[in-house]
Amino acid sequence: MLKQTLRTATMSRSFTSVVSKAFSEGAALDASKLQITKNPNPSSPLPNDQLKFGQTFTDHMLTIEWNKGKGWSAPEIKPYGPLVLDPSACVFHYAFELFEGLKAYRAADNKITMFRPDMNMIRMNKSAARICLPTFDSEQLITLIGKLIEQDKNLVPEGQGYSLYIRPTMIGTTAGLGVSTPDKALLYVICSPVGPYYKTGFKAVRLEATDYATRAWPGGVGDKKLGANYAPCILPQLDAATRGYQQNLWLFGPEKNITEVGTMNVFFAFRDSKTGKKELVTAPLDGTILEGVTRDSVLALARENLDPKEWDVNERYYTITEVEERAQKGELLEAFGSGTAAVVSPIKEIGWNGHDINVPLLPGEQSGPLTKQVAQWIADIQYGRAPHGNWSKVVADLN
């Protein structure tokens, strides 16, 4: 099964590359053609304690139309407002839709930075190519998002845990029923000032290991950020909630390999009781899990900062059975999910086979020590306290 899964992932990358070339014809996306219409009624920042995740939006939005004959039109920044679409638009009937999620932060020097936007643009282009929507020049869109943030820079909240959530989205807009390749599309970006995902700090969650529903499979689109991947996951989540669990721990195959948790990647930490060596492990990128930017950041920082004499950092297959057995032997150290919204989300229990697997936490706290450290590493970079290569891109200056 491993060889087949990896072969499928390789074929999928090749297929996506071919499609990407086919849908990048016509005029290229060009940030220099940007047109800006100011909102005549600018808003004032809300107090931090009133910011709810994804419920408040900035004064402006970015829109860029595309059609097969002409390519990308001139980008527009205009007042935030409703979209006008034909009721027969293919996005409504055949799910030609993809999105991204990234954040901008106000650093201590009052500069606004985006965290690793290049990674999000790479993934967005992969998603677009997979569902026959147009691709674009990543740097051009990053520049345009920076211009959008510049318009509303006063609305970027200040303080640890506060940020501007950025939601680039692309939809097929071709009107008419019948499944076919879209010849029109719309790329738009909206922004939302947000506070900490958990208002009172870390809050460890209970998961239900789920094998009765499948989030993704080899040859599918589990590694793409498509809206169609998310809606089918809600029913299993509601089902798990009736038994007191906040999220699903998604399992796959007869081996019951652990893949993701809810809408996040997932990490487990073990300690070999014979050698004392510790291991941080997450599932490999085989085409069935999302290529998370936070996942990549956690792996890179763990490999840079953890002592290799004490820790191995691995991307490998592991099962719920391994987790259960190692917990029984006292070898399970901690576990956490990773994603843009919460950064890291600690795990305290996993329901499986009618009982709970307990995941250790620090006494009196809601996370394990490594989870806490990983969150601090990333926050220090995001808020400008610890520069890290090209991970932070300055897009506005409040000075």
Q.
Looking at Gly262, Gly195, Gly219, can you tell me which residue is surrounded by 18 or more Cβ atoms within 10 Å (Cβ to Cβ), at positive phi and in contact with a helix residue (DSSP H, G or I) (Cβ under 8 Å, 6 or more places away or on another chain)?
A. Gly262
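Condition first: of a type outside the set (Gly, Ala, Ser) and within 25 Å of the chain's Cα centre (by Cα). Now tell me which residues in region 334-360 satisfy that.
Passing the criteria: Glu334, Phe336, Thr340, Val343, Val344, Pro346, Ile347, Lys348, Glu349, Ile350, Val359.
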Q | Of residues in region 36-69 being open to solvent by 100 Å² or more (accessible area, probe 1.4 Å), of a type outside the set (Lys, Arg) and in contact with an Asp or Glu (Cβ under 9 Å, 6 or more places away or on another chain), the one modelled with the highest pLDDT | A | Glu65
Q. Yes or no: Val323 open to solvent by less than 30 Å² (accessible area, probe 1.4 Å), in the same structural domain as Gln237 (by the TED database), free of Cβ contacts under 8 Å to residues at least 40 places away in the same chain and closer than 28 Å to Glu208 by Cβ?
A. no
Q: Find the residue count for region 354-369, including only residues that are surrounded by fewer than 21 Cβ atoms within 10 Å (Cβ to Cβ) and touching a helix residue (DSSP H, G or I) at 6+ places or on another chain (Cβ under 8 Å).
A: 3
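Taking the condition surrounded by fewer than 20 Cβ atoms within 10 Å (Cβ to Cβ) and either within 15 Å of the chain's Cα centre (by Cα) or under 23 Å from Ile77 (Cα atoms) (or both), does Asp118 pass?
Spelling it out, Asp118 is indeed surrounded by fewer than 20 Cβ atoms within 10 Å (Cβ to Cβ) and either within 15 Å of the chain's Cα centre (by Cα) or under 23 Å from Ile77 (Cα atoms) (or both).
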**Q.** Matching residues in region 179-198 - criterion: being part of a strand (DSSP E or B) and either out of contact with any Leu (no Cβ under 9 Å at 6 or more places or on another chain) or modelled with pLDDT under 95 (or both)
**A.** Lys184
Q) Going by the structure shown, is Ala95 small (Gly, Ala, Ser), at pLDDT below 95 and surrounded by fewer than 21 Cβ atoms within 10 Å (Cβ to Cβ)? A) no
(Q) Which condition from (1) part of a strand (DSSP E or B); (2) open to solvent by 80 Å² or more (accessible area, probe 1.4 Å); (3) among the acidic types (Asp, Glu) is the one that Glu304 breaks? (A) (1)
Q. Are any residues in region 127-173 of a type in the set (Gly, Ala, Ser), closer than 15 Å to Ile64 by Cβ and either in a helix (DSSP H, G or I) or open to solvent by 20 Å² or more (accessible area, probe 1.4 Å) (or both), and if so, which ones?
A. Ala128, Ser138, Gly146
(Q) So Ser345 passes all but one of these: (1) small (Gly, Ala, Ser); (2) touching a Gly at 6+ places or on another chain (Cβ under 6 Å); (3) open to solvent by 20 Å² or more (accessible area, probe 1.4 Å). Which condition number does it fail? (A) (3)
Q. Can you name the number of the only condition in (1) more than 16 Å from Trp352 (Cβ to Cβ); (2) in a loop (DSSP other than H, G, I, E, B); (3) without any contact (Cβ under 8 Å) to a residue 40 or more places away in the chain that Trp217 fails?
A. (3)
Q) Can you name the residue in region 80-90 that is under 26 Å from the mean Cα position of the chain (by Cα) and more than 23 Å from Ala27 (Cα to Cα) and, of all such residues, is least open to solvent (accessible area, probe 1.4 Å)? A) Gly81
Q. Do the conditions hold for Glu334, that is, is it assigned to a strand (DSSP E or B) and charged (D, E, K, R)?
A. yes
Q: Go through the residues of region 1-11 one by one and say whether even a single one is outside any strand (DSSP E or B), basic (Lys, Arg), at pLDDT below 95 and more than 22 Å from the chain's Cα centre (by Cα).
A: yes
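The values are calculated or read from the model by the stated rules, or taken from the named source; none is laboratory data. Please read all numbers here as calculations on a predicted model, not as lab measurements. Positions of Cβ are backbone-derived with ideal geometry, glycine not excepted, and every protein chain shown enters the neighbour counts. What goes into the accessible areas is simple: the full protein's heavy atoms, side chains included, and nothing from ligands, DNA or RNA. Shrake-Rupley method; radii C 1.70, N 1.55, O 1.52, S 1.80 Å.
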